[in-house]
Amino acid sequence: MEPRKSTETKDVNDNNESSANDRSNSAKREHSNSLTTTDKSLSGNPTPSQNIQKGNTSHASEAAEVAYSPSRSPPSKKTTSMVESAEVNIAATNMALAHEIALSDFKLQDPNEEKKAEQQPTTPEGKIYKVIQETMHRAFWDSVKNDMDHEPPVFDHIFLLIKEIKEILLSLLPANRITSLHTKINEGLDLDLLRQQADHDSLDVWKLSSFVIDLMASICAPARDEEVNNLRSIKDVVDLFKGIYRVLNLLKRDMANFAITSIRPHVQQQHVEYERTKFAQLLSGLPNGLENTENWLNEVRKEIQMEQKESTSASTTSTPISPLALLKKSYFKLLDWNHKTRPFPETVFMDEHRFMIIQSEFKRILLISSILLTSLTNFGAALSSQQVFTTKLKEDLLILITPDQISEDNLPELLSSIFEHVWDSVSKFVEGKSTALVACIAPINKENLKTKIENLSKLRENPVYSILEKRGRGYLHTVAEHLAKNKSSSGPQEIPVPAGFQMFQEEILSLAISYAKLVNLNQLVYGPFYVPLLKKVLDIKEKANTNENTKSDTPKTGPSETTSPTQTADSGQSSTTS
């Protein structure tokens, strides 16, 4: 959010120096430098390196086969020093921050947006922290009120507030030059002078607060005008300072988000090389290496070999597994990943929450599609041709079935209530309609519907769900392949939606594009790190027996390569940022 210039006539020239363009250029320079040369940790953000440290063995020597890999000498097993740990944490935090800025419309959220906060899941630790924080804040403001109720008033806590308010106001101004606003803030909020006024009983708190509000009004973005002006109507001095402090924190968020928006194009252009380099730095400091990633690839290799064994006779030689095919199938494995009991592969740990969302939404669409298909098939063409009814039923199911309800424990009870809702909806809709529609609510149809819906509790064993899952995975794969080959993101809309998903065309397309962006970006960034792992998992002897076409599928490892295991790296990069 771009700050605006001061409205005071006497400060026009100086305030032009702190105009929006200067702020933009300054923010771009400072944040670009911090992104490429300086490692700064974002306060409050989790450190992704903690997730990586769950491995048990090191593969750093294998990763040396690529340019962006750690040294061939594995890290020492000695306890990592505090400096090394700090460097690893900073590298992980910077890598995660650059990843978020490049991949999404990442912004710092306003702390006073209660509705958004209520929608976010809260851990027990988070709840405890929130209670402690609220208690401490309440105690502080109670102390301020008690001080101001004294006769004469005690200004100790007020001075603490003024000091922090002054620091925040100065932080909102350009750091590379001194403007008249700097001078105005330093002179108007001179703590020594204010303390002298307080000692002589001449400190006017209301005049001081009005001065601060005027400064905020000259600095803030137009979108914050109303909130700043609302401060002038507050009559209680404690509530006034509380409001000032709250709005100032919003201005800090605005400035940070403006800086993030300014550097996003630069980050999107450079984040592949940056993220790859940072990951190599992070990996070189960890003794556990990429064990989780290797186990992940190994597990999928065994599944592919088992499928080949079941589909071919004993006399038929199994087809060598392509590294590219193994990697693509491994990404599908993440759609079934048990995040509670299994560590996530290190190469995709920054997108674990995104894969969790895609996984839960994919299962939700599959379940609702299975319920709709089962129900409409049960009642026949007379009801399935009623578009008004089918659309209404779909909307109801999207509301009734949430991602967190789709678990083995909750599913039987959920499906039982869903059956009741479907039957009630059908009964109400056919009331007073044609004979063919009224026949839908025959007792035999009710029993059949109950049995079919309850059979969905065993998802993997249900033929309807299994068929839809296979078609849905195929659609995700097709969209990912399309976006990897084509720079335009409009093409997937022309790919036909699989049978059974016609009512979820918009939802499945959006999900497929999200999946494709994650997969293509991951292949693009971490392709060099997959090379030695794929060679080890597939075995060199097996690789030696493959033909040239299979060899050409192996991701390249040149120092300047940006080619991932996808067929075209550049198109993959563009698809992730489109």
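The values are calculated or read from the model by the stated rules, or taken from the named source; none is laboratory data. Not measured: the values here are computed from a predicted model. Note that each Cβ is placed from the backbone with ideal geometry, even for glycine, and that neighbours are counted across all protein chains shown. The accessibility values were calculated without ligands, DNA or RNA, using every heavy atom of the protein model including side chains. Shrake-Rupley method; radii C 1.70, N 1.55, O 1.52, S 1.80 Å.
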- Note on the structure: Of the residues in region 165-209, those that are open to solvent by 50 Å² or more (accessible area, probe 1.4 Å) and polar (S, T, N, Q) come to Ser171, Asn176, Thr183, Asn186, Gln196, Gln197, Ser202
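Would you mind stating whether Ile178 is in contact (Cβ under 8 Å) with a residue 24 or more places away in the chain, over 19 Å from Pro153 (Cα atoms) and out of contact with any Pro (no Cβ under 7 Å at 6 or more places or on another chain)? Steps first, answer last, please.
On the way: in contact (Cβ under 8 Å) with a residue 24 or more places away in the chain: no; over 19 Å from Pro153 (Cα atoms): yes; out of contact with any Pro (no Cβ under 7 Å at 6 or more places or on another chain): yes.
Taking the combined requirement at face value, the residue does not satisfy it.
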- Task: Determine, yes or no, whether Leu372 is in contact (Cβ under 8 Å) with a residue 40 or more places away in the chain and assigned to a helix (DSSP H, G or I).
- Result: yes
- Note on the structure: Considering residues that are open to solvent by less than 10 Å² (accessible area, probe 1.4 Å) and either out of contact with any helix residue (DSSP H, G or I) (no Cβ under 6 Å at 6 or more places or on another chain) or without any contact (Cβ under 8 Å) to a residue 60 or more places away in the chain (or both), the number found within region 509-521 is 3
- Quickly run through region 228-257 and pick out the residues that are among the aromatic types (Phe, Trp, Tyr) and either under 18 Å from Ala96 (Cα atoms) or open to solvent by 20 Å² or more (accessible area, probe 1.4 Å) (or both). Tyr245
- Task: Considering each residue of region 375-409, count those that are within 15 Å of Ser425 (Cα to Cα) and open to solvent by 80 Å² or more (accessible area, probe 1.4 Å), and give that number.
- Result: 5
- Given (1) part of a helix (DSSP H, G or I); (2) open to solvent by 60 Å² or more (accessible area, probe 1.4 Å); (3) touching a residue at least 24 places away in the same chain (Cβ under 8 Å); (4) not hydroxyl-bearing (Ser, Thr, Tyr), where does Lys130 come up short, assuming only one miss? (3)
- Item | Within region 306-326, considering residues that are open to solvent by 40 Å² or more (accessible area, probe 1.4 Å) and within 17 Å of Lys535 (Cβ to Cβ), the one modelled with the highest pLDDT | Ala325
- Message: I'd like to know if region 214-225 contains one or more residues that are open to solvent by less than 60 Å² (accessible area, probe 1.4 Å), assigned to a helix (DSSP H, G or I) and farther than 26 Å from Pro174 by Cα.
- Response: no
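Would you check if Arg301 is open to solvent by 30 Å² or more (accessible area, probe 1.4 Å), out of contact with any strand residue (DSSP E or B) (no Cβ under 7 Å at 6 or more places or on another chain) and at pLDDT 90 or above?
Working: open to solvent by 30 Å² or more (accessible area, probe 1.4 Å): yes; out of contact with any strand residue (DSSP E or B) (no Cβ under 7 Å at 6 or more places or on another chain): yes; at pLDDT 90 or above: yes.
Yes: the conditions hold for Arg301.
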- Task: Residues being in a helix (DSSP H, G or I), under 23 Å from Ser407 (Cβ atoms) and open to solvent by 60 Å² or more (accessible area, probe 1.4 Å): count how many of those fall in region 420-467.
- Result: 10
